[in-house]
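Down below is the structure, laid out as structure tokens.
The values are calculated or read from the model by the stated rules, or taken from the named source; none is laboratory data. What you are looking at is a predicted structure, and each value in this text was computed from that prediction instead of being measured. Note that we place each Cβ from the backbone using ideal geometry, even for glycine, and neighbour counts take in every protein chain shown. Calculation scope for accessible area: heavy atoms of the full protein, side chains included, ligands and nucleic acids excluded. Shrake-Rupley method; radii C 1.70, N 1.55, O 1.52, S 1.80 Å.
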Amino acid sequence: MKAMRLHKINQFTLDEVEKPRPQGNEILLKVQACGICGSDIPRVYELGTRVYPVTLGHEFAGTVCEVGSDKNAGLIGRKAAVFPIIPCMKCESCQTGNYAECDNYQYLGSRNDGGFAEYCLIPSKWHLVLSSNQQMPVENLSLVEPATVAQHALRKAKLTAGENIVIIGAGPIGIMTARWAKLFGASKIALLEIDDVKLAFAKERSIDVYDTKDEACLSNVLKQFGRVDTVIEGTGTSSGVNMAVQLCRAFGRVVLMGNPHRNTKLDLQNHSLILRKELELLGMWNSYYAELPFNEWKYTVQQIDCGDLEVNDLITHRAQLSKLKQLFDQIHNKEITICKAIYFAGDN
């Protein structure tokens, strides 16, 4: 089979490798779509991975085509998204169901072979989030991972119906956070963004979006909203964190969702505001997969299955494996502006 393998930094090649054969509890998935995560770009060009070679891609979905045990034969032909974390199941985090915080995890798409391939070996059916809608395009299911991150941010914020929310950053997760906020019953929802292309993209999707290049941006938001109960900071930047603190009401919640790539500076006056407003600053990482108290992944698939959470319109670029490196290069070199780019094998 064919797979996009990272051999070292900036050596990302389309290779011919042996097609895996599932044994025991293992499942073989025919990959039909895999999203390019924002973390995949630095992984290829700057940071590398812990093991080489490795097939990248952790936002993926497909159809079960083979199983290692006859007890799983009923899964053949089923469409599913894949939960990529392989937890150790021994540490304190795993014992409490917090698999994203596992002390000794493996990960499909960075530490283990992932979804930028024709097939992927899944450790067990536990990792599959099955779709109940046979008409659902599988490419929609490749957005389950980022959509669940967006959902997790709102659950961390404890957003309740009738509250107002601002999301800083109008990328795919920012837009999906806004859509989740509507489903959660938020009263007023706005995105803040600096990039003109992203601003236009969000506006085309009927989202209230403000340009942070406008000096009156924050005052305009506060004038329209009256009060901002919670802010989701999705950029991981100093400017984003400082804006979030300024916007949020007294006793409000700020969720730090964006992953920083450099040191974050908090202005002195905004540090004081955190104290004076008695703000709740909440960190978050990934999502929650255990059944109790609530499996966020399953809920995401349910909402996509029934059409309440729209995601397909966020896919702006698609490439087959033979053109995937070219798409990576275009994104890295900033030759194109994407919302969501995916590897798309077809067969939906």
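Here are a few things to note about the model shown:
- Relative contact order of the stretch 28-93, defined on C-alpha pairs under 8 angstrom at six or more residues apart (%): 34 percent
- Taking the Cα centre of the chain as origin and assigning +1 to Lys and Arg Cβ atoms and -1 to Asp and Glu Cβ atoms, the resulting dipole is close to 260 debye.
- Among the listed pairs Lys298/Lys334; Lys156/Lys223; Lys198/Lys334, those whose Cα-Cα separation exceeds 23 Å are Lys298/Lys334; Lys156/Lys223.
- Comparing Glu278, Glu139, Glu118 in a Gaussian network model of the chain (Cα springs below 10 Å), the most mobile by mean-square fluctuation is Glu278.
- Net charge of neighbours whose Cβ lies under 15 Å from the Cβ of Ala81, counting Lys and Arg as +1 and Asp and Glu as -1: +1
- Mean Cβ neighbour count within 10 Å, used as a protection proxy, ranking 301-314, 157-170, 239-252 highest first: 157-170, 239-252, 301-314
- Solvent-accessible area, 1.4 Å probe, carbon plus sulfur percent, for the stretch 223-323: 51 percent
- Helix-only arithmetic for the chain: the sum of -39500 (n - 2.57) across DSSP H runs with n ≥ 4, divided by the residue total, places the mean residue ellipticity at 222 nm at -8000 deg cm²/dmol.
- Selected from Thr49, Ala147, Val245, residue furthest toward positive end of dipole (the chain; charges at beta carbon): Val245
- Cα centre as origin, Lys/Arg/Asp/Glu Cβ charges: the stretch 16-142 dipole, Debye: 300 debye
- Summing charges over neighbours of Asn164, with a neighbour being any other residue whose Cβ is under 10 Å away from its Cβ, gives +1 when K and R count +1 and D and E count -1.
- Choice from Gly35, Gly97, Gly62 showing the highest fluctuation, given a GNM over the chain with Cα pairs closer than 10 Å: Gly97
- Taking a sphere under 11 Å around the Cβ of Phe116 and counting the other residues whose Cβ falls inside, with K and R at +1 and D and E at -1, yields a net charge of -2.
- Violating pairs (Cα-Cα greater than 19 angstrom) within the set Lys19/Lys90; Lys2/Lys30; Lys182/Lys340; Lys158/Lys203; Lys203/Lys340; Lys8/Lys325: Lys19/Lys90; Lys182/Lys340; Lys158/Lys203
- Computed about its Cα centre, the charge dipole of the stretch 1-84 is approximately 80 debye, with only Lys, Arg, Asp and Glu carrying charge at their Cβ.
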